[in-house]
Every structure is written in C-alpha cells, then in structure tokens.
1. Any residue in segment 52-65 that is aliphatic (A, V, I, L, M) sitting within a Cβ distance under 8 Å of a residue that is buried (at least 18 other Cβ atoms within 10 Å of the Cβ) and at pLDDT below 90? List the pairs, counting only those 6 or more apart or interchain.
2. Could you say which residue among G69, G8, G31 is exposed (fewer than 14 other Cβ atoms within 10 Å of the Cβ), assigned to a loop (DSSP other than H, G, I, E, B) and at pLDDT 90 or above?
3. Please determine, by comparing only the residues of segment 48-66 that are aliphatic (A, V, I, L, M), in contact with a Leu (Cβ under 9 Å, 6 or more places away or on another chain) and not in a strand (DSSP E or B), which one is modelled with the lowest pLDDT.
Amino acid sequence: MGSERAEGHVLLAGDDWAEDHHDVELPDEAGRRLARARLPEGAAGVAGLHELIGEHLAADADPGQVAIGIETAGAAGCRR
C-alpha cells in the first residue's frame, strides 16, 4: 500500500531522460528521497513510472497532485 498524500500536497517526480532509459526520483516535501528507479525507454518505462507514482499516492488522488520535471540534453522542450 502506498503512502497517503494529504489533500493539496503535490508529489514531485524528477526524470533525467537519456537515450535509452530514464533515471527517476520522487522526493518528499523536505527533499528526502521516497523512491528511485532506472526505467527503460518506451511503453515499459511509462508503465514503470505510473506504478512508481501510484505507490506514493492514494488510490483516489487527483492527477493534479503530481508534478513531473524532465531533464534532457540539448532540448528546450520534449519532442521525442
């Protein structure tokens, strides 16, 4: 069972996007690491990210409670 997030709190996710994988971390509000994973590129990686986020949100959480920052080399925005 995932940790319950209080209403109004946002779960942050950071994604360092490389050519063939994503290094993802979820910190709490104090900056302590809740989770870390190296996920593959593609649908399997997206599924893994959804699962990782789901472990740290209540089942009825609003998708607006999740904010994801993506870092990728040489791109101002994500166009992959």
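The values are calculated or read from the model by the stated rules, or taken from the named source; none is laboratory data. Predicted model only: the values in this text are computed from it and were never measured. In this analysis, Cβ positions are derived from the backbone assuming ideal geometry, glycine residues included, and neighbour counts consider all displayed protein chains.
1. Filtered contacts from segment 52-65: L57/R5; A58/R5; A61/R5.
2. G31
3. Looking at residues that are aliphatic (A, V, I, L, M), in contact with a Leu (Cβ under 9 Å, 6 or more places away or on another chain) and not in a strand (DSSP E or B), I get A61.
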